[in-house]
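Here is the structure we will look at.
What follows is calculated from the coordinates using simple rules that are stated; it is not laboratory data. Owing to the predicted nature of the structure, the values given are computational and were not obtained by experimental measurement. No Cβ is skipped: glycine too gets one built from the backbone with ideal geometry, and neighbour counts run over all protein chains shown.
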Amino acid sequence: MAQRNTWQRERVREALTDAEGFVSAQSLHATLREENTGIGLATVYRALSDMAAVGDADSLQSPEGESLYRACTSPGHHHHLICRSCGLTVEIAAPDVEAWARSTAASHGFTQAEHVVDVFGLCPACTARRQASDDKKGAR
């Protein structure tokens, strides 16, 4: 069932587009509450869920199990590299993963298989910061 595009949903969409990286519904709601929009948490959850369902938002689970969202910038199926420190996200195509998923599913008799692959690590900038910090500690 298609949802009406209300001003509240449009404001959630704008806030998600303005957010840096993946954000939780509660974090996005806090931003909207600071702006005195009057938009409730349940509305934020519904809007984000609907956006993810139609491909307007990427959704993933953090390593802690929390659902996170970000405005989708690439059409179609893709994967992410996500920095655990700063949240930088890079959308990537992964043809090797696609081939592996299809062949693994087929070898077990599965059809119409779908998958989600998100790789968490440290981006180059956070790696450099961590290395510099470790170097300072080692020099003491």
Using the Cα centre as the reference, give the magnitude of the dipole from point charges on the C-beta atoms of region 2-96 (Lys, Arg: +1; Asp, Glu: -1; all else neutral), rounded to the nearest 20 debye.
-> 280
Please return the longest stretch of the chain lacking exposed loop sites, where GluC sites (Glu not before Pro) count only if DSSP places them in a loop and at most 16 other Cβ atoms lie within 10 Å.
-> 67-113
Return the single residue from HIS78, HIS29, HIS115 with maximal mean-square fluctuation; model: Gaussian network over the chain, springs between Cα atoms under 10 Å.
-> HIS115
For region 1-81, which trypsin sites (Lys or Arg not before Pro) are both in a DSSP coil and crowded by at most 15 other Cβ atoms within 10 Å?
-> ARG4
Suppose R0 equals 22 Å; then what is the FRET efficiency for ASP96 and SER27 from their Cβ-Cβ distance, rounded to the nearest 0.05?
-> 0.10
Could you run the Debye sum over the Cα atoms of region 46-139, one equal point scatterer each and no solvent, and tell me log10 of I(q)/I(0) at q = 0.10, 0.22, 0.25 Å⁻¹, two decimals?
-> -0.38, -1.16, -1.28
Span from the region 84-140 Cα centroid across to the region 17-59 one, whole angstrom = 24
With the dipole of region 11-109 worked out from charges on the C-beta (+1 for Lys and Arg, -1 for Asp and Glu) around the Cα centre, which of LEU41, VAL97, HIS108 lies farthest toward the positive end?
-> HIS108
Taking region 34-75 as the region of interest, what is the percent of Cα-Cα pairs per 5 angstrom bin, listed from the shortest bin to the one with the maximum distance?
-> 5, 22, 23, 24, 17, 8, 1
Rh_Kirkwood(region 1-104) over Cα pairs, Å, one decimal, evaluates to 14.7
What is the antiparallel percent of DSSP beta bridges lying wholly in the chain, to the nearest 5?
-> 75
Averaging over all projection directions, find the projected area of the Cα convex hull of region 3-51 and quote it in nm² with one decimal place.
-> 3.0
Region 28-127: chymotrypsin sites (Phe, Trp or Tyr not before Pro) falling in loop per DSSP and having at most 13 other Cβ within 10 Å | PHE110
In a Gaussian network model of the chain with springs linking alpha carbons closer than 10 Å, the residue among ALA105, ALA94, ALA30 that fluctuates most is ALA105
Can you tell which of CYS126, CYS72, CYS83 shows the greatest fluctuation in a Gaussian network model of the chain with Cα springs below 10 Å?
-> CYS126
List the relative contact order of the chain as a percent without decimals, with contacts defined as Cα pairs under 8 Å and 6+ residues apart.
-> 19
Among GLY76, ALA53, LEU16, flag the residue with its Cα farthest along the positive direction of the charge dipole of the chain, charges on Cβ as +1 for Lys/Arg and -1 for Asp/Glu.
-> LEU16
